[in-house]
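I have placed the structure first, in the form of structure tokens, so that the comments after it can refer back to it.
The values are calculated or read from the model by the stated rules, or taken from the named source; none is laboratory data. Quick caveat, the model's predicted, so the values are computed rather than measured. Neighbour counts are summed over all protein chains in view; Cβ atoms, including those assigned to glycine, are modelled from backbone coordinates with ideal geometry. Side chains are part of the model used for accessible areas, which takes the heavy atoms of the whole protein and leaves out ligands, DNA and RNA. Shrake-Rupley method; radii C 1.70, N 1.55, O 1.52, S 1.80 Å.
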Amino acid sequence: MGFTHLLYPELHNVQSAGIIYRVSMLILTKTAGVFFKPSKRKVYEFLRSFNFHPGTLFLHKIVLGIETSCDDTAAAVVDETGNVLGEAIHSQTEVHLKTGGIVPPVAQQLHRENIQRIVQEALSASRISPSDLSAIATTIKPGLALSLGVGLSFSLQLVGQLKKPFIPIHHMEAHALTVRLTNKVEFPFLVLLISGGHCLLALVQGVSDFLLLGKSLDIAPGDMLDKVARRLSLIKHPECSTMSGGKAIEHLAKQGNRFCFDIKPPLHRAKNCDFSFTGLQHITDKIIMKKEKEEGIEKGQILSSAADIAATVQHTIACHLVKRTHRAILFCKQRDLLPQNNAVLVASGGVASNFYIRRALEILTNATQCTLLCPPPRLCTDNGIMIAWNGIERLRAGLGILHDIEGIRYEPKCPFGVDISKEVGEASIKVPQLKMEI
Ligand code: KG4
Ligand code: ZN
């Protein structure tokens, strides 16, 4: 299932597996007396009664994660050590590309049609019985109301049937902590969350302890990339017709020249960590209009300079993200919120699957003696694994585990962490120029 690198990281210790298996055989043989020789299946069933998954070596907590906050119906079963036991996802991207953006009632209908199958697939792939689950974790905020509602009501029904604890999940917190499933990362670390709905810079101090340093004042970078891709009609481009806007821009930019147009990164003078993408989008619209006139083509046809425009937009976004993140690193080091050396910067969310942006961030981390960590692209975009993992993190920390689901509601809008962005702006930190040769 494409996740073998995440599966069973403990298996290097095959010897212990053998010992546990043999001990189980012994116990079973003792308890069964002389009447039967226990089969392999019986041993595994016995182990499972202790929440023990065959192939893993310890008694584990296991969480089913369910995600429906936007346009992906996703579910996964993850255990305490980060083993992904099963996962399934249904993406609505292609449907929404055709309608030129997400239509919430359409997203809701598609979630309704797919949620049962997706959860079932994730559970079946995990080969555990639902009764072995330690808890069910589901995104309840922030997101599209109609989409969140489907995931929440399905989950609450399941929680009632299985009599399991429920763990409500903040979608952006889940994006922020995904890296702790793939890498050994201790708190505190800095996180840049860039997706279709969000742009946040935060210091992660604990499982549920975030300091918000800056956010987008208008739209998110993914939203902007989706709009530019639509305006460039990339859905008609043979190479990127099924790609999300951001992915299509990344793909096309490889064939383009970023020096063809000159766009200044936004908020150049504001010495804070906030972001802005609307101005950039309008400037790009103007460039596209001008080029359409020059090339004598109608809106809706593909410009010969589309790749150059994609390359320029991608580069400008990368520089903007780097500049604001640079200031955040300096602020955190100045206040001793991050170590002076080897501090970790994590980038996650759909836009962080962009390798050009990752390379730009790497220039920054190299220049500031930090380490850049990004989850693999499949874990940067929305998925069920990050929700299940957040459930595991919360179970381990004993935070937000509900045994009574009375009155639980989804929240389309909600804050992220403690907002100290004003303090960051007041520090008015000047950021040295970096050579962005990507
Ligand atoms: O995190 P995500 O899957 O969903 C939200 O929570 O928003 O992010 C989706 C966003 C979309 O706007 C999509 O265009 C963007 O991530 N995206 C990318 C890339 N892949 C997806 N943006 C830039 N480069 C990519 N390779
Ligand atoms: Zn997301």
Given points 7 Å out from each Cα along the Cα-Cβ axis, report the VAL418 to LYS61 separation in nanometres with one decimal.
2.4 nm
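Can you tell me the mean projection area, over all orientations, of the convex hull of the chain's alpha carbons? Units nm², please.
It is 23.1 nm².
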Kindly point out which whole DSSP H helices in the chain project their C-alpha atoms 24 angstrom or further along the helix axis while averaging a Kyte-Doolittle hydropathy of 1.0 or above.
145-162
Percent accessible area from carbon and sulfur atoms, the chain, protein chains only, probe 1.4 Å
55 percent
To the nearest 500 deg cm²/dmol, what mean residue ellipticity at 222 nm is calculated for the chain from DSSP H runs of n ≥ 4 alone, each contributing -39,500 (n - 2.57), summed and divided by the residues?
-13500 deg cm²/dmol
Give the span of region 136-287's Cα atoms along each principal axis, as three whole-Å numbers ordered largest to smallest.
60, 39, 29
Lys and Arg at +1, Asp and Glu at -1: neighbours of ASN354 with Cβ under 10 Å from its Cβ sum to +2
